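Enquirer: Got a structure here, written out as structure tokens. Questions coming.
The values are calculated or read from the model by the stated rules, or taken from the named source; none is laboratory data. The shown structure was predicted, so the numbers you read here are calculated from the model rather than taken from an experiment. Here the Cβ positions follow ideal geometry from the backbone for every residue, glycine too, while neighbour counts run over all protein chains shown.
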Amino acid sequence: MNMTKSLILGSAAALLAMGGAQAADLPVKAKAIEYVRICSLYGAGFYYMPGTDTCIKLGGYVRADYWGMGGDYGFNASSGTGNQGSNNRLTNYWGTRARMDLTVDTRTATEYGVVRTFADMVFTVDSAQQGATGTGGAAGLGLYHAFIQFAGFTFGRTVSIFDMPWTGYPAGGPDTIPGGSNHVTGVNQAAYTADFGQGVTGSVAIEEPTTALFGQPNLFNTSVAPAAGAFVSGLYGANSWGGARAPDLIGQVRVDQAWGLFQFGVVAHDIHPTYYVPTTEASGHPGDAWGFAAQAGLSIKNIPTGPGDSINMQAVYADGDTHEVFGNVAWPQNWSMYSGSNIAYQSVGFASLADGVFGTGTSVQKVKSWGFRGGYTHNWSPNWASGIYGGYAQVRYGAVGGALVCANFAALGPSAGAVCNPDFNFAVVGANVVWTPVKNLAFTADVSWSHLDQKYSGTISGANTAVAAFAKPAAVYELKDQDSVSMLLRAQRNF
């Protein structure tokens, strides 16, 4: 009996052990894998982020640039970017740039509409330039766009609503075509856009003021005499901006149709000076002045010359908001250029961008400016296209503002009959050819000519004509208009 019981218990234990072993060998059900799915809601290139209802798209480009007599259109930048206008052994006749651009676009459908974020990051290495004070040869990181869009609102950094859709490039070309605004590298802002249907929209925004505090242009205090050599580089006094007290206020209306688009915008800009004597509050100060600018643009598409051809044009007027006429990219605030002369050691032309001028006891004298730019793009075939473009702008300091600037002109030792007048005109014309052998790969050749029509005349010969940074001695110089030619070769792969 005991033996029988033992056999039964032993058999049961063995069966349980075998069952446990077999159970342990059974496969465990694997967690389902969620594959990346195409998101067709927002166009090609979007994918759902795994585990979310957010769609994402990555893009960008890789670019290589090679330029000849480029830089700031061949003009010296007194901000220290190089010696392009010295026209001596310090001048760079060529340079290079390598850049990678990466964009990240996310969108999520909500009960309030689409929530979008967008970022555009650039990594750039410029060739180390001889005679330059910058960081050529070192890698640089930029953030052109970083914004959130929700229910018509935009918060963050992107192009200004004052800009045209082509920003500063009506048919390609360089950064410094005058005759309109250009915030292609972005400006911090908060904006709202209302859609009225039939392609009609209206926008309002507050944006960071792109003054010297943030980039350009000058607010000259001429009671502070320029340092030796500064006047002939376009530095007419101390750049005397006070703290930022108000953002730029912008309104814009736009009509988008099959034929093209029309856009009109206005901006109000606070000019907030510091003290008459910058180092002491007791000297007093001029009151704030409000500048403004108005800009209109027209784009015509589907023109008879060929499919994809377009004409882009714009015009702008500014009173105390000069950077809206000269863009906001690559322009130095002050520049100069030297060349030959039959009556002096050399000739020199110089100019300065400014919102206003003041001196001890005076109010801010706003600088007025206006300009236009345009371009035509023609597609010869699916693989070949070309463009022509141009821009023109005038800057006027006014009678009182000009007199304040010219109070420091005598230190240059002007000749009898020499004329001091800080007004100037600037023009650019150019053309390019683009070859696209395969989709998203383009090779561009671009040539442009720029002309500084300055209003100074006669000769100067004082000790303050010496510009040590450009190896220019104290000598007799003829005040004369200047010209520059630039060429750009580019290879770019978009992805």
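Enquirer: Filter region 53-109 for residues that are at pLDDT below 95 and of a type in the set (Val, Ile, Thr); which is farthest from residue 487 (Cα to Cα)?
Expert: Among them, the one singled out is 81.
Enquirer: Now for a separate question. Cβ contacts < 6 Å: first residue farther than 28 Å from residue 391 by Cβ and without any contact (Cβ under 8 Å) to a residue 24 or more places away in the chain, restricted to region 453-480; second residue in a loop (DSSP other than H, G, I, E, B) and not small (Gly, Ala, Ser), any location; separation 6+ or different chain. Result?
Expert: Taking only residues 6 or more apart or on different chains, not a single pair turns up.
Enquirer: Out of 273, 278, 247, report the one residue that is touching a His at 6+ places or on another chain (Cβ under 9 Å), closer than 21 Å to residue 333 by Cα and surrounded by 16 or more Cβ atoms within 10 Å (Cβ to Cβ).
Expert: 273
Enquirer: Among the listed residues 342, 328, identify the single one that is more than 25 Å from residue 165 (Cα to Cα) and assigned to a loop (DSSP other than H, G, I, E, B).
Expert: Being more than 25 Å from residue 165 (Cα to Cα) and assigned to a loop (DSSP other than H, G, I, E, B) holds for just one of 342, 328, which is 342.
Enquirer: Okay, moving on. How many of the residues in region 335-379 are buried (at least 24 other Cβ atoms within 10 Å of the Cβ), under 20 Å from the mean Cα position of the chain (by Cα) and of a type in the set (Phe, Trp, Tyr)?
Expert: The qualifying residues number 1.
Enquirer: Another one. Name the residue, out of 302, 379, that is under 27 Å from residue 432 (Cβ atoms), in contact with a Gly (Cβ under 7 Å, 6 or more places away or on another chain) and touching a residue at least 24 places away in the same chain (Cβ under 8 Å).
Expert: Within the list 302, 379, the selection yields 379.
Enquirer: Separate question: With the checklist (1) part of a loop (DSSP other than H, G, I, E, B); (2) modelled with pLDDT of 95 or more in hand, flag the one item residue 192 doesn't pass.
Expert: Unmet for residue 192, out of (1) part of a loop (DSSP other than H, G, I, E, B); (2) modelled with pLDDT of 95 or more: (1).
Enquirer: When you scan region 483-495, how many residues do you find that are crowded, with 21+ Cβ neighbours inside 10 Å and either free of Cβ contacts under 8 Å to residues at least 40 places away in the same chain or farther than 30 Å from residue 436 by Cβ (or both)?
Expert: Total meeting the criteria: 0.
Enquirer: Could you list, in sequence order, the residues of region 385-419 that are surrounded by fewer than 20 Cβ atoms within 10 Å (Cβ to Cβ), within 22 Å of residue 325 (Cβ to Cβ) and aliphatic (A, V, I, L, M)?
Expert: Within region 385-419, 388, 399, 400 qualify.
Enquirer: Output the number of the condition that residue 305 fails; it satisfies all remaining conditions of (1) surrounded by fewer than 24 Cβ atoms within 10 Å (Cβ to Cβ); (2) under 18 Å from residue 257 (Cα atoms).
Expert: The number of the failed condition is (2).
Enquirer: Hey, among 289, 294, 244, which residue is over 18 Å from residue 166 (Cα atoms) and free of Cβ contacts under 8 Å to residues at least 40 places away in the same chain?
Expert: Exactly one residue qualifies, and that residue is 244.
Enquirer: What residue, among those in region 257-270 that are over 21 Å from the mean Cα position of the chain (by Cα) and among the aliphatic types (A, V, I, L, M), is modelled with the highest pLDDT?
Expert: Selected residue: 261.
Enquirer: What are the pairs, 6+ residues apart or on separate chains, where a residue within region 143-158 that is within 15 Å of residue 105 (Cβ to Cβ) has its Cβ under 6 Å from a residue that is hydroxyl-bearing (Ser, Thr, Tyr) and part of a strand (DSSP E or B)?
Expert: 145/158; 147/154; 147/158; 148/117
Enquirer: In this structure, is residue 317 more than 23 Å from the chain's Cα centre (by Cα) and not in a loop (DSSP other than H, G, I, E, B)?
Expert: Criteria not met by residue 317.
Enquirer: Okay, next question. Here's a check for you: in region 472-482, which residue that is in contact with a strand residue (DSSP E or B) (Cβ under 8 Å, 6 or more places away or on another chain) and surrounded by 15 or more Cβ atoms within 10 Å (Cβ to Cβ) is nearest to residue 228 (Cα to Cα)?
Expert: Among those that are in contact with a strand residue (DSSP E or B) (Cβ under 8 Å, 6 or more places away or on another chain) and surrounded by 15 or more Cβ atoms within 10 Å (Cβ to Cβ), it is 472.
Enquirer: If you take the residues in region 457-471 that are part of a strand (DSSP E or B) and at pLDDT 95 or above, which one is surrounded by the fewest Cβ atoms within 10 Å (Cβ to Cβ)?
Expert: 457
Enquirer: A follow-up question, please. Please go through region 234-256 and pick out each residue that is part of a loop (DSSP other than H, G, I, E, B) and within 22 Å of the chain's Cα centre (by Cα).
Expert: The answer is 234, 244, 246, 247.
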